[in-house]
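Just below is one structure, and these are the notes that go with it.
Computed from the coordinates by the stated procedures, all read-outs in this text should not be read as laboratory data. No experiment lies behind these values; they were computed from the predicted model shown. Using ideal geometry, Cβ is built from the backbone for each residue, glycine included, and neighbour counts are taken over all protein chains shown.
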């Protein structure tokens with residue numbers, strides 16, 4: 001069809017098409033510029049009654065507690081692993097002492113998780129298994145002595161778990177040394 005058009009008609013048609021393309025590009029640029037010049041609407045915010053605030057240990061505090069537990073065990077020539085988890089059971093720090101058994105890593109994390117979940121030492125919780133043996137079936141938990149919660153105003157904010165000593169009583173003693181390093185008296 002273009003071949004059948006005169007040279008003048010082709011120039012006029014080409015010019016019209018070029019003008020239309022240029023106008024479309026200009027319009028797009030203008031619209032984008034206008035949109036970016038307009039301030040964005042503020043994000044919707046939740047009502048204060050619909051939110052909660054929680055307290056968490058810092059990484060430094062968790063590391064301090066773990067080091068204190070590990071040092072207490074080393075003073076008694078015990079080879080342990082210590083884990084500190086946050087309120088949600090997520091691991092903040094785990095320190096595996098020299099010579100600690102391979103099973104102690106997971107056990108320490110599970111004891112810490114159990115202690116923070118129930119806001120009680122795992123040695124206390126182990127006694128509850130007599131009345132409710134199905135508790136042991138809850139994933140991620142371990143009902144053996146060696147886990148203690150860290151609290152702020154009696155609200156659990158973390159858990160410290162120790163594993164690897166010859167008894168749960170010793171594990172719990174070392175976990176308590178970690179809590180004491182934070183100034184928590186629980």
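So, residue 140, is that one outside any loop (DSSP other than H, G, I, E, B) and either in contact with a helix residue (DSSP H, G or I) (Cβ under 7 Å, 6 or more places away or on another chain) or under 30 Å from residue 52 (Cβ atoms) (or both) or not? Steps first, answer last, please.
Numbers: outside any loop (DSSP other than H, G, I, E, B): no; either in contact with a helix residue (DSSP H, G or I) (Cβ under 7 Å, 6 or more places away or on another chain) or under 30 Å from residue 52 (Cβ atoms) (or both): yes.
Judged against the criteria, residue 140 is not a match.
Can you pull out every residue in the stretch 154-176 that is part of a helix (DSSP H, G or I) and either farther than 20 Å from residue 99 by Cα or more than 24 Å from the chain's Cα centre (by Cα) (or both)? Passing the criteria: 168, 169, 170, 171, 172, 173, 174, 176.
Suppose we keep only residues that are touching a strand residue (DSSP E or B) at 6+ places or on another chain (Cβ under 6 Å) and without any contact (Cβ under 8 Å) to a residue 60 or more places away in the chain within the stretch 74-107. Which one would you say is surrounded by the fewest Cβ atoms within 10 Å (Cβ to Cβ)?
Step one: of the stretch 74-107, the residues touching a strand residue (DSSP E or B) at 6+ places or on another chain (Cβ under 6 Å) are 80-87, 91-96, 100, 104-105, 107.
Next, from what is left, pick out any that are without any contact (Cβ under 8 Å) to a residue 60 or more places away in the chain: 91, 93-96, 105, 107.
Working: 91: 15, 93: 19, 94: 19, 95: 18, 96: 19, 105: 17, 107: 22.
My answer is 91.
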